[in-house]
Amino acid sequence: MKLEARRLVDRLWNYCNVLRDDGVSSLEYLEQLSFLVFLKMAAEIEEADKDLPEDRRRHVLPEPESLPDPEKPPVRGWPDLLDLTGNALEEGYTQLLTDLGKQDKGHNTTLGLIFHRARNRLQNPANLRRLIVDLIDKERWLSASKDIKGDAYEALIARSAEDTKAGAGQYFTPRVLIESIVRCMRPAPEDIITDPACGTGGFLLAAHDYIVREHGKDMSTEESARFDDGAIWGTELVPATARLAAMNLLLHKIGRPDGKPLIHVEDALAKPPAPGKRASLVLANPPFGKKSSIVITNGDGSVSREDMSYHRKDFWETTTNKQFNFVQHIANLLTDNGRAAVILPDNVLFEGSRGASIRRELLKRYNLHTMLRLPAGIFYAGGVKANVLFFDAAPPRRNNDEPPHTKQLWVYDLRTGNRFTLKQNPLLPGHLQDFEKRAFGVGECELDAAIARRVPEGRLQVFDGAALVATKDVNLDIGLIEPDNKDAAEAKSLTELTLALSADLRGALLELEQLAADLDVELSPPA
């Protein structure tokens, strides 16, 4: 990160610490920061257009819907906020959010998405004034380099993800892992890219950055504009997280404030992809936790959570398991020549019954060519053991007797012998370099050539696809190398037992946090 971006992060984050005394969490601070930065960007757009004829000026913010009061004119945007102090500022800001929240309820623009159901969490006028005048107004958000404002905003998201008590970590995938996966997948200007569980938009940003870095000098204006008009998009179930993702993309100069939103707020699993909404590249880390569920309000006003199965004709099996549903959804999202990389927990590799059937169909219908076994300790959801599955779309099979499209499954074990933590021993780019080069030829050759020259040795092993399909359980919990000695094996066993228990407890906590988010209930740590 550039020095200027780091200084901006430090200034903004230090102020987050000040607001904690007012009871504002890091996620709430990011939300308010998004509102205010958007308002500042809208003012910068209008300032840039002030000398143009009226019919060519851009007006991002609509006129306020609140009833005019001669003694208290409605606050329309950033210039009005700068003129207010004290209670008038707090009341004006609250009213402005209310007015904007009433606009565009169908999320037809980025503005509508960001301000839907917006609420003021900053009840101290003095702190609100300082945030507006001393921090945000001093920056040029629209014209500044995305390496400064975009990277700074994403760094704030990363820091808030460390606040696991607020549940932020479940929406955050380590940047190092995202960038490694993107390097392996090699996004191109002609790709249509999506993430059906996009969180704060990390995969979308990394894919776009890769395209600009590798192909930007050769891209036409039309090719660049594709990504503002829907060639890259994400889906997010939680509105507050979708808001952060939309702002994250805007600050990285992807999309337009008054344009179509590139983040869709909906349940990605609820229905099959529309005919025109398939992608050539799908990148995803679906939320951890096994069950898909819905919140039900009972007649007496009490609420409950009920496991939910998705009955979709394009699914191979009906199940309440969230990860298996995402596997099927992502497979059906792909265009004819599409490719996918998805992060999934270990249970997807070995759970029986319908899980075995889904794994079998994946191996038969698609080319599951590579799997990366990830070590524990790299996610904010503590104790999670996960894997990256890389698979490509393939032509429809004419009959069930045809060989599976997965001829060979190559498995790279990054787990055995590696112990990472988020702070003391974090995952670094160098830890993934051997995998990238040996499995995908990153920096050396194209993917087809890399696969042709793969050699099964050390951490990289190969398994016959037809043999895997022929087994009863289609167990893909494979490819882990043996520890060097008995002591290491015993330590591994004890560690895995501890991690498994931690994962179960963390999974239960994530389910509780999701329920609280659905009910708009704030979870506070015990006094």
Could the peptides 201-210, 263-272 be put in order, highest first, of the mean number of other beta-carbon atoms found within 10 Å of their residues? 201-210, 263-272
Please sort 342-349, 54-61, 322-329, 459-466 by packing, taking for each peptide the average over its residues of neighbouring beta carbons within 10 angstrom, highest first. 322-329, 342-349, 459-466, 54-61
Exposure of TYR366 as accessible area (Å², to 10), given a probe of 1.4 Å and all protein chains: 30
With a sphere of radius 9 Å drawn around the Cβ of ASP49, what net charge do the other residues whose Cβ falls strictly inside it have (Lys, Arg +1; Asp, Glu -1)? +1
On the accessible surface of segment 320-437, probed at 1.4 Å with all protein chains in place, carbon and sulfur together account for a percent value of 48
Which pairs in the list LYS271/LYS385; LYS40/LYS253; LYS364/LYS437; LYS138/LYS253 are over 23 Å apart, alpha-carbon to alpha-carbon? LYS271/LYS385; LYS364/LYS437
Summing +1 for each Lys or Arg and -1 for each Asp or Glu, what net charge is found among the other residues whose Cβ lies under 10 Å from the Cβ of ASN124? -1
Just reorder THR109, THR241 by solvent-accessible area, largest first, 1.4 Å probe, all chains present. THR109, THR241
Burial ranking of peptide ranges 220-226, 310-316 (average Cβ count within 10 Å, highest at the top): 310-316, 220-226
In terms of the Cα gyration tensor, with a ≥ b ≥ c the square roots of its eigenvalues, is segment 126-227 rounded because a/c is under 1.5, prolate because a/b exceeds b/c, or oblate? oblate
Using a cut-off of 11 Å between beta-carbons, work out the net charge of the residues near GLN461 (Lys and Arg +1, Asp and Glu -1, GLN461 not included). +1
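The values are calculated or read from the model by the stated rules, or taken from the named source; none is laboratory data. If you're wondering where the values come from, they're calculated on a predicted model, not measured in any experiment. Cβ sites come from the backbone with ideal geometry, for glycine too, and all protein chains shown count toward neighbours. Accessible surface areas use protein heavy atoms only, side chains included; no ligands, DNA or RNA. Shrake-Rupley method; radii C 1.70, N 1.55, O 1.52, S 1.80 Å.
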